[in-house]
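**Student:** Below is one structure. I have some questions about it.
The values are calculated or read from the model by the stated rules, or taken from the named source; none is laboratory data. What you see is a predicted model; the values in this text were computed from it and never measured. All Cβ positions, glycine included, derive from the backbone under ideal geometry; neighbour counts span all protein chains shown.
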Amino acid sequence: MREEGKISAYQAMVYQVSIVLATAILFVPAITTKHAKQDAWLSVIIACIFGCLQVCTAVSLARRFPNASVVQYAPLILGKVPGKVVGFVYLFYFFYVGYFILQEFAALMCSSYMLRTPSVVFMLVLSLLAAYAAYGGLEVICRTSSIVLTVVVATLVLTAALIVKDIKIWRFLPVLENGFNPVLLGAISPGGWFGETAVILMLYPFINNKEKVVKTSFLAILILFITMEVVVTGAIGLLGPTETASFLFPTFNMARRIKLEALPFLERLDAFFMMVWVAAMLIKLTTFFFAGVLALSQWLNVKDYRPLILPSMAIMIALAVQAWKNITELFAFSGEVFPLTIIFVNFIITGFLLIIAGIRNISTGNT
Amino acid sequence: MKRRIRLIILVLLICLIAGCWDMREVEVLGYVMAMAIDRDPQEQIRIIAQVPNPRVLGGGERGGVTPGASIAAKPYRNYEGTGPTVFDALREISHESSRRLFFAQNRTLIFSEAMAEKGINDVLDFLKRSVEIRRGLTMVFVARGEPAKILDTPNPHDILPALRIDDIVRWRGQTSRFAPVPLSRFLEALSMEGQEPYAGVIEVVSNPTAQVKEGEKAAPEPSSTIRLTGAALFRNDRMAGFLDETETRGLLWVLNEVRGGQIVFPCPGQEGKKVTVEIMHANAKIEPEITEDGIIMTVKIREEGNLVEVEGPLDVSKPEVIKELDRLHAAAIGNEVMAAVYKAQELGSDAFGFGEAFRRKFPREWKKIKKDWPEIFPGIKVRVQVAAHIRRIGMIGPPPLLVH
């Protein structure tokens, strides 16, 4: 296959982080705080452990087949027809999250920044850019996301530094007010987000220093953990648990809340935050879309994925437009259904493949 | 060919990403700088929105003259709109305003006293849901008297009443005797189980320095002036009553909102003489306890101040005198806090967050009593422990009279 050249394990890490980050920082605080209240930071720790488990499963499966992606070797493990079905689940998962991201992006833009602009315009603009990036190929995507990711993380750190003086420890008390169950319930959603790092299943064949993948995958989880913890503790410490849960986009309210009496020009940084976030969102969409198109081409045994870009983009936008009628549906979905579906793919199916491969002792690699 | 296609795509993208649908030019927006919410006798929501007139404001000191008129144009216009809901009332204004009102710069939100007493729940949702309103930057007040009058109180400098209020708020640490609160904090307190919100109070008082002189060319001093004073305590969304200025600082001590100010207390051994200390740093915490006699709240306050004024011959160059002053001004702080506590208990509004402190320390017990908290709060015992220290005494040692 005429694939996308080679990337390093660290570039794969950037890909893994980028594929999670943008929506996670925006939605995790509200969803987690709704259940776990002031203990949401504990939920993120549990979610992180769950994420480690998921990435472990994915990496162990990938290491068995160093020269192919999951869509290619699923038929080897399960037999032709079931393998193809599982392969389809994976590729649909990438598009499914893709159109979910499009809707989320449009939801935020249309409800807080450009209220009169039709949402399909945002979807179209973002998808066209993502398609353009996908034409560039894997190496291009990885390099772009390295740049964007640096800026995003720097912005988050800056935001955290500017709000840290307003964070009140008492907003986190009492710890475990309603026992441990709400904390676990709150961990499901971020746990699902962490699981998106299982995209390593698609990237593994292109990595040139495969021995480092275990390390870099955990590093990806660590980076995600820190950024999620920053937004969750920032939002709760600044807005309080009830307020965080009541806002649709608490992270933006957090960025809006930056206020330094001595340096008034540093107020209203949310426009800057927004700009960076849109870039992160573009990278997130690109990573999912690219993984999806690549999986589709491998599933169809097409040599090059590029001819599939525009048609799949069109289908993705169409799916996004019809999927959720209003923002309440979208949010109910993202809190209740979405994490379970992605956990199903990233953890259950991947784990299932790993177990079957282990039992039948199928592997094409030397590890 | 490929380049050309790319170019075409780029040009098409420009059309899309410019955000034409939501284009808003600065000069067509009317920046609302202050907003007052009231209910009219027909129970409709009545909004007053203050919009500056950039033509006058931007023209410098003497530029603000309406062409053809002999008197200067006002640098602002107060629009009034009435309607069944806040949004409706705001849009009513568009019948009169040539600019589209824009609320992201609004820093002052005033509720009329009558409205606050009847409950502001109906309008809070809009304030929280709105995209444009900046909850962290908007300060909440209750107006004593007619809000329209407050927003139309002229002043030779700081001509925009909204900005004047904002600037007065900025220097609240000069006395810490009025209590402006950001809308975000107000809403948070409202959403908490064991805490009630408070708001600043704003009123118009007459200006005693205004003297009418014959034949003077310059405009006279304004006859009335805006004053921020005290605090309004709420019970849920209804205003329960006012705190006076001393009580307000008592509240702010407990809330850790005292940023400075003056403490005046009797001079030891000198009948009728006073000592004044300026507060430099302060910090407080609430420690709840469950005892056999019920719930006891201990408020621990640490304060550092500088001596700024001594009446009467008191030798402050002696360490033991400073120690005595420390004790006296600690007692003065304690009195302020207790005055606020008694008043709040009388009004039945736990603006201190005693319930919240209790919830944090005893979450299990809180679950049992949280329903009855409004009944328990007026009866709880509050103790104040103040550790106050005078650190500096200004430029001289003993007062001038004592040197002889």
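**Student:** Could you say which residue among B:179, B:189 is within 21 Å of the chain's Cα centre (by Cα) and under 30 Å from residue B:308 (Cβ atoms)?
**Tutor:** Details: B:189 fails: under 30 Å from residue B:308 (Cβ atoms).
Checking each option against the conditions leaves just B:179.
**Student:** Restricting to segment A:148-165, count the residues that are of a type outside the set (Val, Ile, Thr), within 14 Å of another protein chain (Cβ to nearest Cβ) and either touching a residue at least 60 places away in the same chain (Cβ under 8 Å) or more than 24 Å from residue A:256 (Cβ to Cβ) (or both). Walk me through it before giving the result.
**Tutor:** Residues of segment A:148-165 of a type outside the set (Val, Ile, Thr): A:149, A:154, A:156, A:158, A:160-162, A:165.
Still in the list and also within 14 Å of another protein chain (Cβ to nearest Cβ): A:162, A:165.
Now drop any that are not either touching a residue at least 60 places away in the same chain (Cβ under 8 Å) or more than 24 Å from residue A:256 (Cβ to Cβ) (or both), which leaves A:162.
Matching residues across segment A:148-165 total 1.
**Student:** Here is a follow-up. Output the number of the condition that residue A:72 fails; it satisfies all remaining conditions of (1) within 14 Å of chain B (Cβ to nearest Cβ); (2) farther than 23 Å from residue A:340 by Cα; (3) in contact with a helix residue (DSSP H, G or I) (Cβ under 6 Å, 6 or more places away or on another chain); (4) modelled with pLDDT of 85 or more.
**Tutor:** Among (1) within 14 Å of chain B (Cβ to nearest Cβ); (2) farther than 23 Å from residue A:340 by Cα; (3) in contact with a helix residue (DSSP H, G or I) (Cβ under 6 Å, 6 or more places away or on another chain); (4) modelled with pLDDT of 85 or more, the lone unmet condition for residue A:72 is (1).
Here is a yes/no grid of residues against (1) assigned to a strand (DSSP E or B); (2) charged (D, E, K, R); (3) at pLDDT below 90:
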| site | (1), (2), (3) |
| --- | --- |
| B:241 | yes, no, no |
| B:250 | no, no, no |
| B:258 | no, no, no |
| B:265 | yes, no, no |
| B:275 | yes, no, no |
| B:278 | yes, yes, no |
| B:283 | yes, no, no |
| B:286 | yes, no, no |
| B:300 | yes, yes, no |
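**Student:** Quickly run through segment A:54-69 and pick out the residues that are of a type in the set (S, T, N, Q) and either part of a helix (DSSP H, G or I) or modelled with pLDDT of 90 or more (or both). Steps first, answer last, please.
**Tutor:** Step one: of segment A:54-69, the residues of a type in the set (S, T, N, Q) are A:54, A:57, A:60, A:67, A:69.
A:54, A:57, A:60, listed by residue number.
**Student:** Here is a further query. Considering only residues that are under 18 Å from residue A:108 (Cα atoms) and within 8 Å of chain B (Cβ to nearest Cβ), which ones fall in segment A:254-267?
**Tutor:** Going through segment A:254-267, the residues under 18 Å from residue A:108 (Cα atoms) turn out to be A:254-257.
Passing the criteria: A:256, A:257.
**Student:** Looking for whichever is in contact with a helix residue (DSSP H, G or I) (Cβ under 6 Å, 6 or more places away or on another chain) and either in a loop (DSSP other than H, G, I, E, B) or hydrophobic (A, V, I, L, M, F, W, C) (or both) here; the options are B:390, B:396. Which one fits?
**Tutor:** On the way: B:396 fails: in contact with a helix residue (DSSP H, G or I) (Cβ under 6 Å, 6 or more places away or on another chain).
None of the others qualify; the one that does is B:390.
**Student:** Just for helices (runs of 4 or more DSSP H) wholly inside segment B:96-212: which have at least 1 residues that are surrounded by 22 or more Cβ atoms within 10 Å (Cβ to Cβ)?
**Tutor:** On the way: elements: B:113-118, B:121-129, B:147-150, B:161-170, B:183-191.
Hits in segment B:96-212: B:113-118, B:147-150, B:161-170, B:183-191.
**Student:** Look at segment B:32-81 and say how many of its residues are part of a loop (DSSP other than H, G, I, E, B), at pLDDT below 60 and hydrophobic (A, V, I, L, M, F, W, C). Please lay out each step first, then the result.
**Tutor:** Of the residues in segment B:32-81, the ones part of a loop (DSSP other than H, G, I, E, B) are B:32-33, B:40-44, B:53, B:58-59, B:64, B:66-71, B:73-75.
After this cut, where a residue has to be at pLDDT below 60 as well, the list is B:59, B:64, B:66-71.
Imposing the further condition that a residue be hydrophobic (A, V, I, L, M, F, W, C) reduces the set to B:69, B:71.
The total comes to 2.
**Student:** With (1) touching a Phe, Trp or Tyr at 6+ places or on another chain (Cβ under 9 Å); (2) within 30 Å of residue B:170 (Cβ to Cβ); (3) free of Cβ contacts under 8 Å to residues at least 40 places away in the same chain as the list, and residue A:274 as the residue in question, which single condition is left unmet?
**Tutor:** (3)
**Student:** If you don't mind, there's one more thing I want to ask. I'm checking my understanding of the structure. Among residues of segment A:313-354 that are in contact (Cβ under 8 Å) with a residue 40 or more places away in the chain and small (Gly, Ala, Ser), which one is surrounded by the most Cβ atoms within 10 Å (Cβ to Cβ)?
**Tutor:** A:320
**Student:** Would you point out the residue of segment A:132-147, among those that are buried (at least 22 other Cβ atoms within 10 Å of the Cβ) and out of contact with any strand residue (DSSP E or B) (no Cβ under 8 Å at 6 or more places or on another chain), that is nearest to the other protein chains (Cβ to nearest Cβ)? Show your work before the answer.
**Tutor:** Initially, segment A:132-147 is screened for residues buried (at least 22 other Cβ atoms within 10 Å of the Cβ), giving A:134, A:138, A:141-142, A:145.
Next, from what is left, pick out any that are out of contact with any strand residue (DSSP E or B) (no Cβ under 8 Å at 6 or more places or on another chain): A:134, A:141, A:145.
Numbers: A:134: 14, A:141: 18, A:145: 20 Å.
In this case the residue turns out to be A:134.
**Student:** If you take the residues of segment B:334-372 that are among the polar types (S, T, N, Q) and within 19 Å of residue B:197 (Cα to Cα), which of them is farthest from the other protein chains (Cβ to nearest Cβ)? Step through it out loud before you land on a result.
**Tutor:** Kept after step one, since they are among the polar types (S, T, N, Q), are these residues of segment B:334-372: B:335, B:345, B:349.
Checking the rest, the ones that are also within 19 Å of residue B:197 (Cα to Cα) come to B:345, B:349.
Working: B:345: 22, B:349: 19 Å.
Across segment B:334-372, the extreme among qualifying residues is B:345.
**Student:** Looking at (1) touching a Pro at 6+ places or on another chain (Cβ under 8 Å); (2) assigned to a helix (DSSP H, G or I); (3) of a type outside the set (D, E, K, R), which is the one condition that is false for residue A:123?
**Tutor:** (1)
**Student:** Now a separate question. Keeping to segment B:239-290, report how many residues are over 24 Å from residue A:169 (Cβ atoms), charged (D, E, K, R) and surrounded by fewer than 22 Cβ atoms within 10 Å (Cβ to Cβ).
**Tutor:** Result for segment B:239-290: 6.
**Student:** Checking residue A:214 against (1) in a helix (DSSP H, G or I); (2) buried (at least 19 other Cβ atoms within 10 Å of the Cβ); (3) of a type outside the set (Ser, Thr, Tyr), which single condition isn't satisfied?
**Tutor:** So residue A:214 meets the others, but not (2).
**Student:** Given the criteria closer than 21 Å to residue A:189 by Cβ and either within 10 Å of chain B (Cβ to nearest Cβ) or touching a strand residue (DSSP E or B) at 6+ places or on another chain (Cβ under 9 Å) (or both), does residue A:234 qualify?
**Tutor:** Working: closer than 21 Å to residue A:189 by Cβ: yes; either within 10 Å of chain B (Cβ to nearest Cβ) or touching a strand residue (DSSP E or B) at 6+ places or on another chain (Cβ under 9 Å) (or both): no.
Considered against the rule, which asks whether it is closer than 21 Å to residue A:189 by Cβ and either within 10 Å of chain B (Cβ to nearest Cβ) or touching a strand residue (DSSP E or B) at 6+ places or on another chain (Cβ under 9 Å) (or both), residue A:234 comes out as no.
Every residue, every condition in (1) under 26 Å from residue B:251 (Cα atoms); (2) modelled with pLDDT of 90 or more, yes or no:
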position: B:336; (1), (2): yes, yes
position: B:363; (1), (2): yes, no
position: B:390; (1), (2): yes, yes
position: B:399; (1), (2): no, no
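**Student:** With respect to residue B:343, determine if the residue is free of Cβ contacts under 8 Å to residues at least 24 places away in the same chain and assigned to a helix (DSSP H, G or I). First the steps, then the outcome.
**Tutor:** Working: free of Cβ contacts under 8 Å to residues at least 24 places away in the same chain: no; assigned to a helix (DSSP H, G or I): yes.
No.
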